[in-house]
Amino acid sequence: MIELILKRVALGILTLLLVSALIFAGTQLLPGDVASAILGQNATPQSLAALRQDLGLDLPAWQRYLTWLQGFATGDLGMSLANRQPVADLLWPRFGNTMALAAYAAIVSVPIAVLLGLAAAVRRGGIFDRGINIVALAFVSLPEYFLGLLLILFLSVQFNLLPSLADTYAGMSFPDWLRATTLPALTLVLVTVAQMMRMTRTAVLSVMDQAYVETAFLKGLRTKRVVLRHALPNAAAPIVNVVAFNIAYLITGVVLVEAIFNYNGLGRFMVDAVAKRDLPLVQAAAMVFGAAYVILNSIADIAAIALNPRLRHPR
Amino acid sequence: MSNILTIRGLKVAAPNGAILVDGIDLDLAPGEVLGLIGESGAGKSTIGLAAMGYGRGGCRIVGGSITIGETSLMDGSRATREKMRGARIAYVAQSAAAAFNPAIRIGEQIVEGALYHAKMTRPEAEAWKLELLKTLQLPNPETFGDRYPHQVSGGQLQRAMVAMAMSCRPHVLVLDEPTTALDVTTQIEVLALLRSLIQRYKTSALYITHDLAVVAQIANRIMVLRHGKLVEEGTAEQVLEAPREDYTRMLVAERQGNLSNAVTDHPIGEVLLDVKAIDAYYGKTAVLENISCQLRRGETLAVVGESGSGKSTLARCIAGLLPTSSGMISFDKNRLERSYKKRSKEELRRIQLVYQLPDVALNPRQTVGEIIGRPMKFYFGMHDVPREKEVARMLDLIGLPQEFATRLPGALSGGQKQRVCIARALAAKPDLIICDEVTSALDPLVAEEILKLLKSLQSELGLSYLFITHDLGVVRRLADRTLVMQRGKIVEQGATAEIFQPPFHPYTEELVISVPELRRDWLDDVLAKRKVAV
């Protein structure tokens, strides 16, 4: 089992390396070059060459990639081109904001999704099951920007319950922060809960068809105990998987939601950086998103390995 | 003496409304073992589960009454049924491997019922569990319960399932084919332990099985069922020795015929398949060691052994599905490549396979005609019109009406599906057909028909069969020569008649005496012979 987990970790690292190469290559393909972007209209051939040498742009691409990667590995994310500050100083606070919003949404959505999924599985084919499935399908089909705008329309414009802009600042009190971030968090909850709930339902249902669940019923156990004691532990791996996938989405897929609510997170930060052609910022943000995604998926896979009784207790 | 279980006019319906069990009356006295006998679809399991107020897969009990002791299951609430299940009437399933929760320790699952129904305190339940595990002769009973289901063998798990059912000291056990999935040698142990356990704790039991010889060892009375209705009912002696109904007589005759050597003479040619000293591995584990055998034209070679003996692996090596690591396989004097991928189309055509489970061997979305026609197109490039004719001829040959060509496998019975599998193999005009447990999944009377078909095809077409089976009765009736395997090695091989008459090889003898016989004292005899103290 240890061997399997180590293999999975190694695979995760390999994926990250590939992601970094793709990001680097992708930013190299963008039209225009950084030096002329910085110097703009005032560029003379001499100043361009000087700046290129200064930025190391005259070196071959693979050398620049290795330097960049090495810097990244040691925590040096490079310098922002736009305002000449270290990328790290600009990026981490915003990453923290994004994580806070994701955590808020996850704390609400994961328990709700798992409980609803369980309830739907137990009442398979009943009115509750069918109703919740229709609602879930509806929310899955709505794009998040539309959902976000609907929420703004009703909860802020019509009834004025919550602010439409998620303005946060350092030193804000927790209740204020909650109030400011509830609308974007709610949007994220609505988008993610449906998928997790449907996956939980499917996972539990597939286990409910197993012979050992029948054994449990034939022992005279009540449905609640059968589900919680016998079905859920065996459905845990797929549930953990979909939960991790959705948390990864909460972190990496927030670009639109942050833009709608003007939330000062990594997603909006990256959009701004793209607009300004600030390549080191874009690379660093993309890399952080990629890392979050790869790490969460690895955790899900490792959990699935660790939850498998055959691997945990070998013969 | 009043009944412990009384069922009157039981009617069970499938979700589609079909009646599975129709008007069954059943009485079970304290300490009595009632055998429920019948082929698949007879409603045996459905009755067993209905006795617990339970319907499998959406089946519903639509009529009749079920009374356990003084409590009526059908009039009571769901809570009443839950109170009785496990506590007063408990279930032992055919496949313990599927019936145990893979994520929970065996011991926890055994005591769960007793604790849940508050029949015992934790220490009492643990002590009772230990006693049961000892009675059932499980290894290291003190620590056996700490293991997970996948960590113990199939026979051990089946015994643990019995312990789990006994957890609340129920008055009635429903034993649903409890030994069917086991090897014959393991079956004896489980059967003997079950019998002594039932006697020791004076438990009543419904013993559900399709095997008359098994039920003969353990039941006081027998009910014979067919299509959800009672065929006949009587004491075990009466039903087995003087059956009143034709259907029962057929079942008994089939079981008795099982034990005669009846291979008729038929022409046998030169060597077709020559296996020389092959080894095979799964990863680093040796699964075949130094196997050599020969098969002649028109001959049937049976490969017998318990599960894990490597008999199916041998078939896979010959078919090239599992490349051998050393040794040589020749076919019609030509050396075959180790992997089927490197063999020529012609070589592939001449060796065909028929599998154990016809349900999964046929593509459910192709018609019978497409399935049988496929090898004709693939090997001979036959066009549509001659192919249709040839499919019709094949259907004739295997004894199915020609209209079947347009049907999907889902509309066929198990025996009919297996016939289609045989027709598909025949369509390639092979010299050798490898039959891997082709009758194991079929009811005895249906299996009998399939064996007859295979025999007549052999005499008509001069086919050679490599017949893989654990059923010694089949071997005696079909095979010219037999090869006995154990743990990947050959124990002995020779003419079937010689293998199955004394002096036996010790392992072969164990296999032979382990095959249940219809006489009621068979189990005692075997136990005496094996000197197993139970």
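Which of the following residues is closer than 23 Å to residue A:257 by Cα and in a loop (DSSP other than H, G, I, E, B): A:166, A:138, A:106?
A:166
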Next on the checklist: Going through B:458, B:402, B:418 one at a time, which residue ends up being crowded, with 21+ Cβ neighbours inside 10 Å and more than 18 Å from residue B:315 (Cα to Cα)?
Outcome noted: B:418
Checklist entry - Within the group B:218, B:198, B:222, which residue is touching a Lys or Arg at 6+ places or on another chain (Cβ under 8 Å), modelled with pLDDT of 90 or more and either among the small types (Gly, Ala, Ser) or within 28 Å of residue B:514 (Cα to Cα) (or both)? => result B:218
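Conditions (1) touching a strand residue (DSSP E or B) at 6+ places or on another chain (Cβ under 6 Å); (2) within 20 Å of residue B:235 (Cα to Cα), marked per residue:
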site: B:139; (1), (2): no, no
site: B:147; (1), (2): no, no
site: B:169; (1), (2): no, no
site: B:178; (1), (2): yes, no
site: B:191; (1), (2): no, yes
site: B:195; (1), (2): no, yes
site: B:204; (1), (2): yes, yes
site: B:211; (1), (2): no, yes
Checklist entry - Looking at the stretch B:482-507, which of the residues that are at pLDDT 90 or above and of a type in the set (S, T, N, Q) is nearest to residue B:240 (Cα to Cα)? => result B:482
Item to check | Residue satisfying condition, being over 22 Å from residue B:449 (Cβ atoms) and charged (D, E, K, R), within set B:403, B:388 | outcome: B:388
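Rundown of residues vs (1) crowded, with 17+ Cβ neighbours inside 10 Å; (2) within 29 Å of residue B:152 (Cα to Cα); (3) acidic (Asp, Glu), yes/no style:
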{"site": "B:2", "(1), (2), (3)": "no, no, no"}
{"site": "B:5", "(1), (2), (3)": "yes, no, no"}
{"site": "B:12", "(1), (2), (3)": "yes, no, no"}
{"site": "B:55", "(1), (2), (3)": "yes, no, no"}
{"site": "B:59", "(1), (2), (3)": "yes, no, no"}
{"site": "B:80", "(1), (2), (3)": "no, no, no"}
{"site": "B:88", "(1), (2), (3)": "yes, yes, no"}
{"site": "B:92", "(1), (2), (3)": "yes, yes, no"}
Checklist entry - Just checking, how many residues over the stretch A:171-188 are assigned to a helix (DSSP H, G or I) and small (Gly, Ala, Ser)? => result 2
Next on the checklist: As an exercise: evaluate residue B:157 against (1) within 13 Å of chain A (Cβ to nearest Cβ); (2) closer than 23 Å to residue B:521 by Cα and give the number of the one condition it does not meet.
Outcome noted: (2)
Checklist entry - Looking only at the stretch A:29-50, which residues are modelled with pLDDT of 75 or more and part of a helix (DSSP H, G or I)? => result A:45, A:46, A:47, A:48, A:49, A:50
Checklist entry - Take the residues of the stretch B:99-154 that are more than 28 Å from residue B:81 (Cα to Cα) and of a type in the set (Ser, Thr, Tyr): which is farthest from the other protein chains (Cβ to nearest Cβ)? => result B:135
Checklist entry - Any idea which of B:37, B:47 is of a type in the set (Val, Ile, Thr) and closer than 17 Å to residue B:72 by Cα? => result B:47
Item to check | Index of the failed condition, residue B:215 passing every other in (1) under 22 Å from the mean Cα position of the chain (by Cα); (2) buried (at least 22 other Cβ atoms within 10 Å of the Cβ); (3) over 30 Å from residue B:132 (Cα atoms) | outcome: (3)
Next on the checklist: Looking at (1) in a loop (DSSP other than H, G, I, E, B); (2) modelled with pLDDT of 90 or more; (3) more than 30 Å from the chain's Cα centre (by Cα), which one does residue B:1 not meet, given that it meets all the others?
Outcome noted: (2)
Checklist outcome for this item: Residues in the stretch B:44-96 that are more than 13 Å from chain A (Cβ to nearest Cβ) and in a helix (DSSP H, G or I) total 3
Checklist entry - Checking residue B:67 against (1) modelled with pLDDT of 90 or more; (2) buried (at least 20 other Cβ atoms within 10 Å of the Cβ), which single condition isn't satisfied? => result (2)
Item to check | Hits in the stretch B:485-508 - residues which are of a type in the set (D, E, K, R) and in contact (Cβ under 8 Å) with a residue 12 or more places away in the chain | outcome: B:487, B:489, B:492
Checklist entry - Which helices (runs of 4 or more DSSP H) sit wholly inside the stretch A:189-307 and have at least 2 residues that are within 17 Å of the chain's Cα centre (by Cα), more than 14 Å from chain B (Cβ to nearest Cβ) and crowded, with 21+ Cβ neighbours inside 10 Å? => result A:232-252, A:255-260, A:266-275, A:279-307
Checklist entry - Tell me, which residue of the stretch A:148-169 that is of a type outside the set (Asp, Glu) and touching a residue at least 60 places away in the same chain (Cβ under 8 Å) is farthest from residue A:192 (Cα to Cα)? => result A:168
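The values are calculated or read from the model by the stated rules, or taken from the named source; none is laboratory data. Note that this is a predicted model, so its numbers are computed, not measured. Neighbour counts run over all protein chains shown; Cβ positions are idealised from the backbone, glycine included.
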